[in-house]
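Novice: Okay, here's the structure, questions in a sec.
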Amino acid sequence: MVKGQSALEYMMTYGWAILIIVIVAVILYSMGIFNPRASVTASSSGFSPFAASAAICGSNITVAFTVGGLPNGATSVALGKMFLSSATGTNTSSATATGVVGVSVTSGSSFKVTFPGISCASSGVPFTASGILEYSLTTSAGAASYNATGTVAGTSS
């Protein structure tokens with residue numbers, strides 16, 4: 001009888017707290033807080049003076065860039081090769097872009113880079129990739145070549 005009374009007193013004292021914790025956990029679960037795929041958002045970092053404004057992964061990866069302020073007073077740059085590496089959530093870990101070598105872009109313009117041969121298996125899968133974009137420019141001091149490095153991330157469509 002003493003054990004039963006002790007258990008009943010314990011449940012009456014702490015039962016409300018346990019009930020509240022269970023309710024909060026159910027609400028968080030229904031909001032997708034415990035789903036790691038829900039926390040992946042489209043993002044990019046690096047690639048200065050270019051800003052990766054969007055990255056889409058489907059049958060290939062396409063990254064859209066906007067050109068920011070160019071270094072050393074240059075008015076335009078000539079794009080070189082672009083490489084993606086350390087890709088996760090895709091069918092391969094690295095790829096080289098097509099159609100950008102020799103393209104000239106100016107400050108404020110935008111361009112797209114497509115990586116054929118690298119794709120996402122199914123919709124809703126998060127992906128990330130590191131990249132290097134080679135570019136060259138001519139200033140009053142002469143010609144110079146640079147590398148813009150950065151990462152892109154998102155969810156495949």
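Novice: Could you tell me whether the chain comes out rounded, prolate or oblate from its Cα gyration tensor? Rule is a ≥ b ≥ c as square roots of the eigenvalues, rounded for a/c under 1.5, then prolate if a/b exceeds b/c, otherwise oblate.
Specialist: prolate
Novice: Suppose R0 equals 35 Å. What FRET efficiency, 1/(1 + (r/R0)^6) with r the Cβ-Cβ distance, do SER45 and SER104 give to the nearest 0.05?
Specialist: Values: r = 25 Å, r/R0 = 0.72.
Working from the Cβ atoms, E equals 0.90.
Novice: In whole Hz and in residue order, list the ³J(HN,Hα) couplings for region 95-112 that follow from phi through the Karplus curve 6.51 cos²θ - 1.76 cosθ + 1.60, θ = phi - 60°; x for Gly and Pro.
Specialist: Couplings: 7, 10, 6, 10, x, 10, 5, x, 6, 9, 10, 10, 4, x, 7, 9, 7, 10 Hz.
Novice: Please work out how much length the chain gains when fully extended from THR114 to ALA54, using 0.36 nm per residue of separation minus the C-alpha to C-alpha distance, in nm with one decimal. Each step should come with its number before you reach the end.
Specialist: Values: separation 60, 0.36 × 60 = 21.60 nm, distance 1.19 nm.
Extra length from THR114 to ALA54 when fully extended: 20.4 nm.
Novice: When Lys and Arg each count +1 and Asp and Glu each count -1, what net charge do the other residues less than 15 Å away from SER145, Cβ to Cβ, add up to?
Specialist: Charge balance in the 15 Å sphere: 0.
Novice: On a 0 to 90° scale, report how tilted helix 2-30 is relative to the longest principal axis of the chain, with both axes built from alpha carbons and the result rounded to the nearest 10.
Specialist: 20
Novice: Sticking with this one: What does the charge count near VAL113 come to, summing +1 for each Lys or Arg and -1 for each Asp or Glu among other residues with Cβ under 12 Å from its Cβ?
Specialist: After counting each charged neighbour, the total is +1.
Novice: What does the charge add up to near VAL100, with Lys and Arg as +1, Asp and Glu as -1, over the other residues with Cβ less than 10 Å from its Cβ? Please list the in-between numbers first.
Specialist: Details: positive: LYS81, LYS112; negative: GLU134.
Local net charge: +1.
Novice: To continue, here is another question. From the square roots a ≥ b ≥ c of the eigenvalues of the alpha-carbon gyration tensor of region 49-122, which class results: rounded (a/c under 1.5), prolate (a/b over b/c), or oblate?
Specialist: Working: a/c = 2.62, a/b = 2.20, b/c = 1.19.
Because a/c hits 1.5 or more and a/b exceeds b/c, region 49-122 counts as prolate.
Novice: Another question about this same structure. Among GLU134, GLU9, rank each residue by its count of other Cβ atoms within 10 Å, from fewest to most, as a rough exposure measure.
Specialist: Listing GLU134, GLU9 from fewest to most nearby Cβ atoms yields GLU9, GLU134.
Novice: Work out the P(r) tail for region 45-92: percent of alpha carbon pairs separated by more than 13 Å, whole number.
Specialist: Tail fraction, whole percent: 67.
Novice: Still on this structure: Provide VAL101, VAL63 in ascending order of the number of other Cβ atoms located within 10 Å of each residue's Cβ, fewest first.
Specialist: Listed from fewest to most nearby Cβ atoms, that is VAL101, VAL63.
Novice: While we're looking at this one, here's another question. Suppose a student asked you for the relative contact order of the chain, using Cα pairs under 8 Å spaced at least 6 residues apart; what percent would you report?
Specialist: Details: 340 pairs, mean separation 41.3, N = 157.
Relative contact order of the chain: 26 percent.
Every number here is computed from the coordinates shown, using simple stated rules; none is lab data. The shown structure was predicted, so the numbers you read here are calculated from the model rather than taken from an experiment. All Cβ positions, glycine included, derive from the backbone under ideal geometry; neighbour counts span all protein chains shown.
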